[in-house]
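Just so it is clear, none of the values below were taken in a lab; they were calculated from the coordinates. The structure presented is a predicted model; accordingly, all values stated were derived computationally and were not measured. Virtual Cβ from ideal backbone geometry, glycine too; neighbours counted across all protein chains shown.
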Amino acid sequence: MQKKISSIPFNGTAEQEAKLKEIIAKHKDDPGAVMPVLQEAQEVYGYLPIEVQKMIAEGLSVPLEEVYGVSTFYSQFSLTPKGQYNISVCLGTACYVKGAGKIIERISEILGIGAEECTADGRFSLTACRCIGACGLAPVMTVNDDVYGRLEVEDIDGILAKYMA
Ligand code: FES
């Protein structure tokens with residue numbers, strides 16, 4: 001799946017930037033520094049906006065294409081911010097055959113965002129994930145640490161309403 005780029009404006013703080021500079025300085029001379037720097041940068045910012053990728057490329061003196069290539073290739077990296085509530089719908093085989101596609105569609109309809117996007121107010125983000133090992137409960141979704149299984153499309157409005165309140 002091609003990753004989406006965030007349409008939400010970047011609003012990193014000076015403090016985050018200072019931390020990023022420390023991370024870059026720590027790894028600057030390591031071979032293959034891009035991967036660990038991206039991992040630590042994601043911990044600082046929660047995701048990897050293009051502005052952060054540019055700072056990493058300049059700091060490590062590597063082409064932006066390389067940083068971008070690594071951050072889009074590995075599923076552990078997110079190019080979009082996570083909302084206060086991150087909804088993750090499993091699209092693994094067991095969940096998919098039991099209707100996870102319809103579940104994600106309904107969530108998308110209610111929130112007005114697609115997969116790998118975040119609402120403009122920063123409250124909700126929606127992601128599609130691989131099997132989370134709860135296939136017996138398929139189809140499954142999580143909202144932060146809450147797990148919901150054996151979902152029907154009709155359940156979605158009620159579940160989201162709890163977090164919207
Ligand atoms: S396929 Fe969804 S939990 Fe395994």
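In debye to the nearest 20, how big a dipole does the chain give about its Cα centre with +1 on each Lys and Arg Cβ and -1 on each Asp and Glu Cβ?
280
Would you work out the relative contact order for the chain, in percent, from Cα pairs under 8 angstrom that are 6 or more residues apart?
Working: 237 pairs, mean separation 33.6, N = 165.
It comes to 20 percent, rounded to a whole number.
Taking every DSSP beta bridge that has both residues in segment 85-164, what percent is antiparallel when rounded to the nearest 5?
Here the antiparallel bridges make up roughly 55 percent for segment 85-164.
Quick one: which residues, 5+ away or cross-chain, put their amide H under 5 Å from the amide H of S78? H built at 1.01 Å from N.
L48
To test your reading of the geometry: what angle, between 0 and 90 degrees and rounded to tens, separates the Cα axis of helix 14-27 from the longest principal axis of the chain?
The answer is roughly 70 degrees.
Name the residue, out of S61, S78, S125, whose mean-square fluctuation peaks in a Gaussian network model built on the chain with Cα pairs under 10 Å.
S61
I'd like the orientation of helix 50-60 relative to the chain: the angle between its Cα long axis and the longest Cα principal axis, in ° from 0 to 90, rounded to 10.
30
For the chain, give me the percentage of DSSP beta bridges that are antiparallel, rounded to the nearest 5 percent.
Bridges in the chain are about 55 percent antiparallel.
Beta carbons within 10 angstrom, averaged per residue: use that to sort the peptides 42-53, 24-35, highest first.
Top to bottom by mean Cβ count within 10 Å: 42-53, 24-35.
Given only helices, namely DSSP H runs of n ≥ 4 each adding -39500 (n - 2.57), what is the per-residue ellipticity at 222 nm of the chain, to the nearest 500 deg cm²/dmol?
Helices in the chain give a 222 nm mean residue ellipticity of -13000 deg cm²/dmol.
For the chain, can you list the cysteines whose C-beta has no other cysteine C-beta under 4.7 Å from it?
If one checks each Cβ against the other cysteines of the chain, C118, C129, C131, C135 turn up with nothing under 4.7 Å.
Mind checking the angle between helix 100-111 and the chain's longest principal axis? C-alpha axes, 0 to 90 degrees, to the nearest 10.
Tilt of helix 100-111: around 80 degrees.
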